[in-house]
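Working notes for the structure below.
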């Protein structure tokens, strides 16, 4: 598993570094990537010859690893993890990407870059297409380029999910958690909703946990074994973590503490160390920060004065009040969102009550939060750990007091380990003091595994994990998470509408059946079900389509088939002459943009002297009201 993690860090750094490098050379195309891959393949071949390994030795090691995995899966906990991984694999393979952010800006920005064979600042209203971290996008770019589809993007998360148990065990043991305790939690933690739900999706939150754990694990190995190679890899892993999301920047603190005196190892090979440091800066958030400073004047990449058409989530992601109230507000939000039941039918009432609360005298302290303590009907969409795992951790901590006088004596005080166990909690305080997003629970995905060693290092834990009731409770939670994956709102693994439709015929007045049917129902011509609802109306030789929206999710479908068509973002100030110069004859307009510019579709068409060709209904989420998209033709 360790070699797999090392290879994953190297591959991630290679793909992200290649994306920026090929963009600088205007060669972000198949030929450019093939050249990079050929150069990269020469390294393992040279390494194999240096170690005098034959391909038979490599195959023998792979076979031995498979046999070890087969033996492990005879026990309930590894078997349930395998079931979670298989269910996530099936869900990811059956459905197109349904993640809101993926369809709104991750896939579109990659397609824009590939269309011009370089990274560039995209002409758009949605700042996330330009200013968000590019880590996941650079990993997905070659997949889209060579396969001409986005159906395989979930494999990035799924492969990383397989590494999660081994990394958790290794880090926990190195931070002072007993092996037996670490073994059980290495299976229980990946059953948290944030990890299991995103294993088959295209979200980029759980991926950060792999880099965070790898950074700590490799740097501790480097310090112990005096290995400069592992130190280089740990630095790359820490840089890759920041390249995904800037909210992970505080987690650089645990890595610095873990590195400690190990940084002196860089002096052993100063030239290679300098190259690794440069590569780490390239694959980190640094290039995005530089671009944001150049184009927007601030490192976050937004400006309140840019015609006011900015994504509210992006603007309000930073808390503007006192850090104390930021911590208080986030403690409340993160606790409530983690303890919310999987299905919460009173979500609309709760959100209305929270909206009223922030307009009170006391609630004004949290007014800069974006949708303070937001809940949805299907709460796993918020990608928290889940109430089961959180309450299980609380019960475990309470039960430990019963076994605190066990025969397992506490280990001698180790200030270094204690500092490492406390550092993620310090990083969490920084996160809560500065962040004001309703999505804080999923932004914390890289933090969650590193928060547990402080709780699990108590000596009584070793006695607790031997209790059968405790083991079966944890296994039940894993089974329940697998059930949630099967009935997921985004990727149900059963014919939900057919079954519920028959039940509705048998019980037409049942409120329960109607509510569940509404939960799974999406209009047949929605953007969520049909990638390109206007495909039949667009001529095959029309290679450039206009699209005007701010945070809409329909752009990926307009690029179909990938590699044969391109999309140009249209802003309110764009003239007909400019669109004609770009070769745009058809434009897709949605209600999101019309509401922002305070226009009706008739007023928009009159301004461009356009005619309406077709109309389609869509929902950003099944619980939200229907919105409309319009296909118009320019003269």
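Every read-out reported here was derived from the displayed coordinates using simple, explicitly stated rules and does not represent laboratory data. Note that the structure is a prediction, hence the values are computed from the model and not measured. Cβ placement follows ideal geometry from the backbone for every residue including glycine, while neighbour counts extend to all protein chains displayed.
List of remarks:
- The Kirkwood radius of region 2-296, taken over pairs of alpha-carbon atoms, gives through the Stokes-Einstein law at 37 °C and 0.692 mPa s a diffusion coefficient of 162 µm² s⁻¹.
- With Cα atoms, 0 to 90° folded angle of helix 179-188 axis to the chain main axis: 20
- In degrees, nearest ten, helix 511-520 long axis to first principal axis of the chain (Cα): 90
- When only Cα pairs below 8 angstrom with a gap of at least 6 residues are kept, region 2-296 shows a relative contact order of 21 percent.
- Relative contact order of the chain, taken over Cα pairs closer than 8 Å and 6 or more residues apart, is 16 percent.
- Take 600-607, 458-465 and order them by the average number of nearby Cβ atoms within 10 Å per residue, most first; the result is 458-465, 600-607.
- Between residue 82 and residue 598, the FRET efficiency from the beta-carbon distance, with R0 = 41 Å, is close to 0.15.
- Within region 535-633, percent of DSSP bridges classed antiparallel, to nearest 5: 60
- Footprinting exposure proxy for 365, 628, 26, 112 (fewest neighbouring C-beta atoms within 10 Å first): 26, 628, 365, 112
- Taking every DSSP bridge with both residues inside the chain, close to 65 percent are antiparallel.
- Cα centroid of region 102-170 to Cα centroid of region 273-303, whole Å: 17
- For region 114-273: relative contact order, % (alpha-carbon pairs under 8 angstrom, 6 or more apart): 21
- Converting the Cα gyration tensor eigenvalues of region 535-633 into ellipsoid dimensions via √(5λ) gives semi-axes, longest first, of 20, 18, 12 Å.
- Each residue in 590, 614, 370, 217 was given a count of other beta-carbon atoms within 10 angstrom of its own, and listing them fewest first yields 614, 370, 590, 217.
- Proxy reagent accessibility, fewest Cβ within 10 Å first, across 515, 273, 437: 515, 273, 437
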